Amino acid sequence: MPFMIILLIRGNILGLLMFVAVSPIALIGGFLLKLADPITMCCVGVALVAIDLLVRFRSRPSKGWLTQREFGGTLFFLPVWAFGIVVVCLNIAKALLR
C-alpha cells in the first residue's frame, strides 16, 4: 500500500505542487480575511484552473495538450484544471443552497 501511494505522489508531483501553490489563497482568504468558505474555495478553484492552463498552454501545438498528463498537472488521472472546475462548482452550489 505505501508503495502505491509513493507512485501516485511521484507521478503527480506537478499537480501536488499546484495545490501547494494555491494554498496561500485559502490561508489568506479563510483565516486572515475571514471570507466565507465558498468565496475562498472558488478563488482557489479559479487559481488552480489558471495555473494549470498556463502550464499547458506552452504545449498547445501538441495533440492532447489540454488533457494529457505530460503537458500539465494531474491528480490521479484528471488534469488539475478539472479539479479546479469541480471545486468552483461545488462551492457555488454550496453558496446557493444556504
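Here are a few things to note about the model shown:
- Shape class of the range 10-51 from the Cα gyration tensor (axes a ≥ b ≥ c, square roots of the eigenvalues): prolate, since a/c reaches 1.5 or more and a/b is larger than b/c.
- Between helix 37-57 and the chain: long-axis angle, C-alpha atoms, 0 to 90°, nearest 10: 20 degrees
- Low-density loop cleavage sites - trypsin sites (Lys or Arg not before Pro) in the range 25-92, where at most 10 other Cβ are within 10 Å (DSSP): Lys34, Lys63
- Subtracting the Cα-Cα distance of Phe31 and Leu17 from their residue separation scaled by 0.36 nm leaves 2.9 nm.
- The relative contact order of the chain, computed from alpha carbon pairs under 8 Å that lie at least 6 residues apart in sequence, is 34 percent.
- Degrees, to the nearest 10: 2-11 long Cα axis against longest axis of the chain: 90 degrees
- Using alpha-carbon coordinates, inclination of helix 13-26 to the longest axis of the chain, degrees: 10 degrees
- Ranked by the mean number of other Cβ atoms within 10 Å per residue, highest first, peptides 26-32, 36-42 order as 36-42, 26-32.
No value in this document is a laboratory result; all are computed from the given coordinates. Not measured: the values here are computed from a predicted model. Cβ coordinates were reconstructed from backbone atoms using ideal geometry, including for glycine residues, and neighbour counts include every protein chain displayed.
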